[in-house]
Amino acid sequence: MALVGGGGNPQPGEISLAHNGVLFLDELPEFKRSALEVMRQPLEERRVTISRAKFTVDYPSSFMLVASMNPCPCGYYNHPEKECICPPGMVQKYLSKISGPLLDRIDLHVEVTPVNFSELSSDRAAEKSELIRDRVIKARDVQVERFGNRPDLHSNAQMSPQMVRDLCKIDAAGQTLLKRAMEKLGLSARAYDRILKVSRTIADLAGSEEIKLEHLAEAIHFRSLDREGWAG
Ligand SMILES: [Zn+2]
């Protein structure tokens, strides 16, 4: 299998070739569901085990998964101007090619709607990339300091469940918000931890020691594909 690796004489797959880097999967629903499901273990454990009759091999696979997909087969679901021509149930079926447990392991779901010409040509001042870069570098530095004595840890995403409890504390209002979101979006315990880690990173980007309500709300907002209402 090309993604996770394999063969009679097991070779590393794309996920190991992307170790310590980014793996970009374009048109995610075009991949076989079975091929995507085997990424679940490496996404959790940052290594992949390939078993053969006489031996097993472990390949490292600590990669950042970035994937893209259309909103539906025709491409116009939720489009501001054009109409989706997919038959009823098709949008839901398309999204269901990505399993819940795999979606669980994807921290940021971002819907990108088309930008029309007047928006493109407007001179509204956007934040400069250099400034964003500075902010990212600072947030990374905070994390290096946080995990300084742990050579195997470099970023918030790699925290163990126990570390999440210790380092991603939220106040009572935050707990209420998160509990409501969990119920409303039907989130798993894994998604719960992942939301806290993302909140920690958003707080780091904002230069805040505490995870504030707004950081938590933003992290919850990034779970849009968990929402049952997506393709209702
Ligand atoms: Zn469509």
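Each value in this text was obtained by applying a stated rule to the coordinates, not by laboratory testing. Model, not experiment: these values are computed from the prediction. Quick reminder, even Gly has a Cβ in these numbers, built from the backbone with ideal geometry, and neighbours come from all protein chains shown.
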Which of Lys32/Lys184; Lys138/Lys179; Lys97/Lys184 exceed 25 Å between C-alpha atoms? The answer is Lys32/Lys184; Lys138/Lys179
Within the chain, excluding any GluC sites (Glu not before Pro) found in a DSSP loop (not H, G, I, E or B) and having at most 16 other Cβ atoms within 10 Å, the longest uninterrupted segment runs 128-208
If you average 1/r over every pair of different alpha-carbon atoms in the chain and take one over that average, what Kirkwood value in Å do you get?
20.0
Got a sec? How would Thr49, Thr56 order by Cβ neighbour count within 10 Å, fewest to most?
Thr56, Thr49
Could you check the simple spin-label distance between Ala157 and Asp141, using points 7 Å along Cα→Cβ, in nm with one decimal?
2.2
Using a Förster distance of 22 Å, the FRET efficiency for Arg40-Asn9 (Cβ separation, nearest 0.05)
0.35
How far is it, in nm, from the label point at Asp134 to the one at Ser224 when both lie 7 Å from their Cα along the line to the Cβ?
2.9
Got a sec to turn the phi values of segment 24-40 into Karplus ³J(HN,Hα) couplings, 6.51 cos²θ - 1.76 cosθ + 1.60 with θ = phi - 60°, whole Hz, x for Gly and Pro?
9, 10, 7, 6, 3, x, 6, 6, 4, 4, 5, 5, 6, 4, 5, 7, 4
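Where the eigenvalues come from the Cα gyration tensor of segment 129-226, what are the semi-axes √(5λ) of the equivalent ellipsoid, largest first, in whole Å?
Details: eigenvalues 104, 50, 29 Å².
Working from the Cα gyration tensor, I get semi-axes of 23, 16, 12 Å.
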If I stretch the segment between Leu103 and Ala206 completely, what's the gain in nm (0.36 nm per residue apart, minus their alpha carbon distance), one decimal?
34.5 nm
Write out the trypsin sites (Lys or Arg not before Pro) in segment 78-154 meeting two conditions: DSSP loop, and at most 11 other Cβ atoms within 10 Å of their Cβ.
Lys82, Arg124, Lys128
